[in-house]
1. Working only within region 74-95, note down all residues that are in contact (Cβ under 8 Å) with a residue 24 or more places away in the chain and under 23 Å from Pro63 (Cβ atoms).
2. Show me the strands (runs of 3 or more DSSP E) entirely contained within region 435-494 in which 2 or more residues are touching a strand residue (DSSP E or B) at 6+ places or on another chain (Cβ under 9 Å) and of a type in the set (D, E, K, R).
3. Given the residues Phe51, Phe55, which is the only one that is of a type outside the set (Asp, Glu), part of a loop (DSSP other than H, G, I, E, B), in the same structural domain as Phe134 (by TED's automatic domain parsing) and touching a Pro at 6+ places or on another chain (Cβ under 6 Å)?
4. For region 410-420, check the following and say yes or no: at least one residue is surrounded by fewer than 16 Cβ atoms within 10 Å (Cβ to Cβ), acidic (Asp, Glu) and in a helix (DSSP H, G or I).
5. Tally the residues that are within 10 Å of Gly209 (Cα to Cα) and acidic (Asp, Glu), restricting the search to region 395-419.
6. Looking at region 369-401, which of its residues are in a helix (DSSP H, G or I) and touching a strand residue (DSSP E or B) at 6+ places or on another chain (Cβ under 8 Å)?
7. Against the condition of a type in the set (A, V, I, L, M, F, W, C) and modelled with pLDDT of 95 or more, how does Phe51 come out, does it pass?
8. Going by what's in this entry, would Asn291 be described as surrounded by 14 or more Cβ atoms within 10 Å (Cβ to Cβ), farther than 27 Å from Leu430 by Cα and assigned by TED's automatic domain parsing to the domain that holds Asp363?
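The values are calculated or read from the model by the stated rules, or taken from the named source; none is laboratory data. None of these values were measured; they are calculated from a predicted model. Don't worry about glycine lacking a Cβ; one is built from the backbone with ideal geometry, like all the others, and counts go over all protein chains shown.
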Amino acid sequence: YYTTDGSKPTKYSNLYKDYISINTTTHLKLRLKKSGKYLDTLINKFYLINFTKSFPVLAISIPKKDLWSEKRGIFVRGENAYRDSNGRYKNCNYHKDWEKKVTMMYFEDSLVVNQQCGMKIFGESTRANQDKSFKLIAREKYGNKLFNFPFFTNKSLAKHKQLVVRASGNDYRGTRFRDVLSAKLVNGLGVDYMDYQPIHLFVNGTYWGVYNLREKINEHYFKHNKGIPKDSVNLIMGKWVRQQGSAKDFLKMYKWFYKVKNMDSTNYCIANDYLDIRNYINFRIFQLFINNADSRGNIRYWNSPSLDGRFRMVLYDTDHGFGTYNRRFLAHSLSANSEYWYNPSWSTRFLRKLMLNKNFKNDFLVQYSHLLNTNLNKDTILAAVAALKASYQYELPRPNQEIARHLRRVPLTMEKWESNVEHLNQFAKLRYKFVKKELLNVFNIQGWFNLSVKGDVGRVSVNDNAPLCLPYEGEYLNETTFSIYALDDGNFSFVKWSDGDTSRNKQINSSQNIVLVPEYEFKEIEKPVLTNTLAENNIENQKSSFSFTSKDVLFWLGLALLTLGTLLTGIGIWKIKKARLSGL
């Protein structure tokens, strides 16, 4: 017996006779009957017809009633939904923590993952959108307690407990990659983020469009990303909502910041024991620059006693970013008055109190300057947008293409989509200029100076950031103090600066343009000498590694024939007519 609608085959389903005719993309479920009894094992086959794209394909098979039934469907409001006094729907099915059993198949060049798992609706306010995000959960009761595959390119992780299939939140009818852009830009700053992989989604054989497969931020994320035991992670959302572990440490930090009146050196040391300061600075600067007002409460802190107990940040849900370029987000984030919905005093308290310390203020200004030269430089953002545009441009469905009925209003014309992408380009250019002026105004600084480090070889680290290849040039705020450190580069070893200073670490504090030239000398790396005795032993080892006797050859040949015979015996005969398969 077989089905093509995601339901489990029963005696009332289609009965296989001579052949199964497949003309369109189909997710086939087969259930065998032996000696009058139905076998529990289900066979899943996915046939992709006339679909040639570059992104991987995720195929989900789920009974229709688990999606669309008023009583139990997770994609509908449901029979118990009602409107509140503001006209918003409450108690909807998609608001509930319901989990449905599904089959997921993941294809790259071929099928790489095929397993049953759980499926839940994911998100907050975006649950009400027609285009919803959901998460997939590996559980032992479904057969596999993990997804064992390296889905993402930036991280070589091959074990995942949960995966998010994300519809891009508030950007679902925008570029479809705004939050992915943030992940791309924040990489390398020491701030945790969710890696990504754009995919094509099919549900019960019907095309749903392009989604972004993402990591899920929970205790399993920290176990697989950092090796921290999952019972040793405290994860806090927003003001002080506990998502995992305990909120005790966070509340202790929150109350301390609430009560502290000054940020002298003693208190700053205490603050540094609570909070990873550089991590917090990079996180705050990133959110301020992209103008993500939603970072008020859509924010994640985490700590672990297995590490050092300090809280660190996770970049999470930045679809509200990259919007209005001229919001004075920095000024509003340093205001004790809750003038806007996005700056209640509790959300700005940490930054306001820390800014009372001159060392924090200096490091914040230097870091902002440096990131405007690197990760948040307009050219860096423009290049990232161009790369994502080229990747998504011909993968996204358009209005005239076949797509699931409930999503037919989601696809945009190429012109509209390109206009949304161009908005990101304009934001990068205009926000860069606006932020540079805002920094001068907020902190009453007179201007910027240019730091130029010349050379054809060598690398430098500015303010303990990631090494930069030479030549390097950037603008920094006047009268800020920071270090520049000369690093060796392969065979090239640092000797001195052009002014004769032999110290690798140079302190910078200026309001005038600076030109630095580190001098290097070439040092050939000595190759190990291979003695005759070592060479002879090495040759003998190689010989012994590849020596086979006639018995060995016969053994391996017999094993190969036995394996081939088993495979041939296990192949069933299926007659598929009218099926033109492409891609998978």
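1. If the condition is that a residue be in contact (Cβ under 8 Å) with a residue 24 or more places away in the chain and under 23 Å from Pro63 (Cβ atoms), then Ile74, Phe75, Cys92, Tyr94, His95 are the ones that fit.
2. Ranges flagged: 472-477.
3. Phe55
4. Checking region 410-420: at least one residue is surrounded by fewer than 16 Cβ atoms within 10 Å (Cβ to Cβ), acidic (Asp, Glu) and in a helix (DSSP H, G or I).
5. The qualifying residues number 2.
6. Matches in region 369-401: Ser369, His370, Leu372, Asn373, Ser391, Tyr392.
7. Spelling it out, it is not the case that Phe51 is of a type in the set (A, V, I, L, M, F, W, C) and modelled with pLDDT of 95 or more.
8. no
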